[in-house]
Amino acid sequence: LCGDVGFGKTEIALRAAFRTAYSGKQIAVLAPTSILSSQHYQTFRKRLKPFSIETGLISAFKTKSQNNNILNELKNGEINVIIGTHSLLSDAVQFSDLGLLIVDEEHRFGVKQKNRILKMKNDVDVLSMSATPIPRTLHMSLSGIKSISTINTPPKARFPIKTQIKYYNIQLIKSAIMLEINRGGQVFFVHNSVKTLDDIVAMLQSHLPGLNIEPAHGQEQKKQLEMTMNRFIEGNIDVLVCTSIIETGIDIPNVNTIIINRSHLFGLSQLYQIRGRVGRSDKQAYAYLLIPKGLQLSVNAYKRLKSIEKNTSLGSGYNISKSDMEIRGVGTIFGYKQSGGLSQIGYGLYSKMIKGALQ
């Protein structure tokens, strides 16, 4: 299922889970990060509880004994929906009767993990969801190995995100942040280096003394990270200076400005996902992609940034994936390589050969 960021893929997953649970089968929901799986757990539990459907969460934020209790309940069939990260794919997780596997943000899982999913059970239905499928997956769907559906209709009162590529400039950063704060919003400042994250926080605090600016990254204590994220969601932090940890699925409607530092170092779908963390309400959202002054961009980095700047209309995730496929190649279908020599023979001929082989 290919649908843009915030277009309602989770809603479809919820309904599929509901139908599956009422058919007497269990559902596993796989998410790439602990933060996203916690968010899914809240949503699924709230929506499914009234129908006596039990939801469980395997999480790094929990103790080992809490996780073991949930695994036992899952094995005995007391839990209908289990949500978790990669740990759901381990041998310790046993189901009483698994019927549906939902893979959220499918592009964040490696080929080995996807092959592990295939081995879990042959007769399980799999729903993979992504706003920007990786070239290999997109190619599999275009050549008929997988079937694909796209959601093209944006939610009502949604505006495209205004995106600008700019050289790093502290005055621009200050005015962008103050513009957002003055209309009652919050800001993401993405800087993808844990080592220098505190320097960025200190620099911003010196220029914007009245604001509450805090860091967040994946290497800090799980409890600390969870507390920081909760305080940000509740609106107690004005600017969150973070790594690409926010890339997947986080939904905070009050954040409508994002500044991505050293944006030329990110992959195409990564940039698209990170930008999609804003613009999830009825306010106009802004994204600033910053590159260091005087930097000579590589050809691929230039293509990526141009593609992001061009594809700002709602629902352009699919186009982004297609340009990603053209920049990187499609990889090998049966091997582990994720980018391949497509450019030598062209996509048309490649598809023709695959279709012939499939038939």
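The values are calculated or read from the model by the stated rules, or taken from the named source; none is laboratory data. It should be emphasised that the depicted structure is a prediction, and the values quoted were computed from it without experimental measurement. Note that each Cβ is placed from the backbone with ideal geometry, even for glycine, and that neighbours are counted across all protein chains shown. For accessibility, only protein heavy atoms count, side chains too; no ligands or nucleic acids. Shrake-Rupley method; radii C 1.70, N 1.55, O 1.52, S 1.80 Å.
For region 20-92, what does the accessible surface come to per residue with a 1.4 Å probe? Please give it in Å². Intermediate values should be presented prior to the final figure.
Details: 3470 Å² over 73 residues.
With the other protein chains kept in place, region 20-92 gives 47 Å² per residue.
Among 26-33, 284-291, sorting by the average number of other beta carbon atoms lying within 10 angstrom of each residue, highest first, gives 26-33, 284-291. Taking other residues whose beta carbon is less than 15 angstrom from the beta carbon of Ile213, and scoring Lys, Arg as +1 and Asp, Glu as -1, yields -3.
Check each of the GluC sites (Glu not before Pro) in region 35-105 and keep only those in coil by DSSP with at most 15 other C-beta atoms within 10 angstrom; list them in order.
Details: sites: Glu54, Glu73, Glu78, Glu105; in loops: Glu54, Glu78, Glu105.
Those that pass, being in a loop and sparsely packed, are Glu78.
The label-point distance for Asp199 and Leu297, in a model that sets each label 7 Å from Cα toward Cβ, rounds to 2.4 nm.
Within 12 Å, Cβ to Cβ, of Leu290, how many net charges do the neighbouring residues add up to if Lys/Arg are +1 and Asp/Glu are -1? Each step should come with its number before you reach the end.
Numbers: positive: Lys166, Arg262, Lys293; negative: none.
Neighbour charge sum, excluding Leu290 itself: +3.
My understanding is that a pair violates if its Cα-Cα distance is over 24 Å; which of Lys9/Lys146; Lys64/Lys195; Lys195/Lys223; Lys174/Lys303; Lys146/Lys310; Lys64/Lys223 do that in this structure?
Working: Lys9/Lys146 18 Å; Lys64/Lys195 30 Å; Lys195/Lys223 20 Å; Lys174/Lys303 28 Å; Lys146/Lys310 28 Å; Lys64/Lys223 14 Å.
Over 24 Å apart, Cα to Cα: Lys64/Lys195; Lys174/Lys303; Lys146/Lys310.
Across the accessible surface of region 190-275, with the other protein chains kept in place and a 1.4 Å probe, carbon and sulfur atoms take up 48 percent.
Distance from the alpha carbon centroid of region 158-235 to that of region 76-99 works out to 36 angstrom. Of the whole protein surface, Thr43 contributes about 50 Å² of accessible area at a 1.4 Å probe radius. Taking the Cα centre of each part, how many Å lie between region 3-37 and region 254-305? Each part reduced to its Cα centre gives a spacing of 28 Å.
Amide H contacts of Ile83: Val29, Gly56, Leu57, Ile58, each under 5 Å away and 5 or more positions distant or on a separate chain (H built 1.01 Å from N in the peptide plane; Pro and chain starts excluded).
Which of the trypsin sites (Lys or Arg not before Pro) found in region 170-236 are loop residues per DSSP with 15 or fewer other Cβ atoms within 10 Å of their Cβ?
Listed in order of number, the matching sites are Arg183, Lys195.
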